[in-house]
1. Please go through region 166-194 and give me each residue that is in contact with a helix residue (DSSP H, G or I) (Cβ under 8 Å, 6 or more places away or on another chain) and either crowded, with 18+ Cβ neighbours inside 10 Å or aromatic (Phe, Trp, Tyr) (or both), ordered by number.
2. Conditions: (1) modelled with pLDDT of 95 or more; (2) buried (at least 18 other Cβ atoms within 10 Å of the Cβ). PHE204 meets all but one. Number of the miss?
3. Select from region 238-260 the residues that are assigned to a strand (DSSP E or B), out of contact with any Leu (no Cβ under 7 Å at 6 or more places or on another chain) and crowded, with 20+ Cβ neighbours inside 10 Å and list them in ascending order.
4. Would you pick out the residues in region 88-108 that are more than 30 Å from GLY156 (Cα to Cα) and part of a strand (DSSP E or B)?
5. State yes or no: is SER122 surrounded by 15 or more Cβ atoms within 10 Å (Cβ to Cβ) and closer than 24 Å to PHE158 by Cβ?
6. Kindly establish whether LEU67 is surrounded by fewer than 21 Cβ atoms within 10 Å (Cβ to Cβ), assigned to a strand (DSSP E or B) and at pLDDT below 95.
Amino acid sequence: MNMRSLVRLLTAAAPIGWLLSSVSLAGSAVTSTPSTPPPLAPAAENSGLGVEASLGWDSHYIFRGELLQKNTAWTQISLDIPLTDSLSLNISPWFLQDIDNDYNEFDLNSALTYSLESWEFSAGYGGYFYPRKSLGDNIGIGDEQEMTASVSRSLGDFNASLMSAYNLTRESFYYQFSLDYELSVSEKLTLTPSVALGWDSDYFDDGTDLNHVALRLAATYQLTSSCSVSPYIAGNLPMGHLDASANEDVYGGVSLTVGF
């Protein structure tokens, strides 16, 4: 399956999602379902400690439209600390290892999130560290630091978000708009199609331009009340700043998440 086939598949499914959402909203009031920006794994129901442990595999490691590696395994611990009824702090250390070469990466992500009815406002920090200082095959790479800010809105089963990031190392900006729809197939199975549009200012190249469009279809299955598995298929279409140096990719992966 190529990228354009995936685009046609998800585009054909979109009207069904809109119709189901319209029927649902017509029969009930809009409720608040706050959306959470990635990390990479879906949330699993937990027993109240606010801790999730995840592990996963991706055929392609694509970050902000840029293909970094292939055939990677990762682990993550996510800790949610409630500060008030509306304010919370999330800390998520994440480690990735390329299975085929010497590339590895440790990210330390944190975010302060304020919830207001169906809105969420977040400010965060991301540190990207490379223990072997290598992109693979001994190609050098340096650590990077970023500050982020985002706003998201839930409307029934739809979640929309706008994120901006300032990279302190590159002294440049990245922006992303994303939209997803949660379709409950059964008590245990949820399908989530999503689309994301990224653009940047001096992040990948000089000036301000689009850089990619991403499509994704994930299926989350609740194995137990605190454990879920989520396979996905996705497509990445480079544009603008990334168009001349990257190819479109169709890829996939799977993750397992346990809540405590």
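The values are calculated or read from the model by the stated rules, or taken from the named source; none is laboratory data. The model shown is predicted, which means the values in this text are computed figures rather than measured ones. With ideal geometry, Cβ positions are generated from the backbone for all residues, glycine too; neighbour counts draw on all protein chains shown.
1. Step one: of region 166-194, the residues in contact with a helix residue (DSSP H, G or I) (Cβ under 8 Å, 6 or more places away or on another chain) are 181, 183, 193.
Passing the criteria: TYR181, PRO193.
2. (1)
3. We begin by selecting, within region 238-260, every residue assigned to a strand (DSSP E or B); these are 238, 249-259.
With out of contact with any Leu (no Cβ under 7 Å at 6 or more places or on another chain) added as a condition, the list becomes 238, 251-254, 257-259.
Listed by number, the residues that qualify are PRO238, GLY253, THR257, GLY259.
4. Just the residues of region 88-108 that are more than 30 Å from GLY156 (Cα to Cα), to begin with: 93-108.
Listed by number, the residues that qualify are PRO93, TRP94, PHE95, LEU96, GLN97, ASP98, ASN104, GLU105, PHE106, ASP107, LEU108.
5. Working: surrounded by 15 or more Cβ atoms within 10 Å (Cβ to Cβ): yes; closer than 24 Å to PHE158 by Cβ: yes.
Answer is yes for this residue.
6. yes
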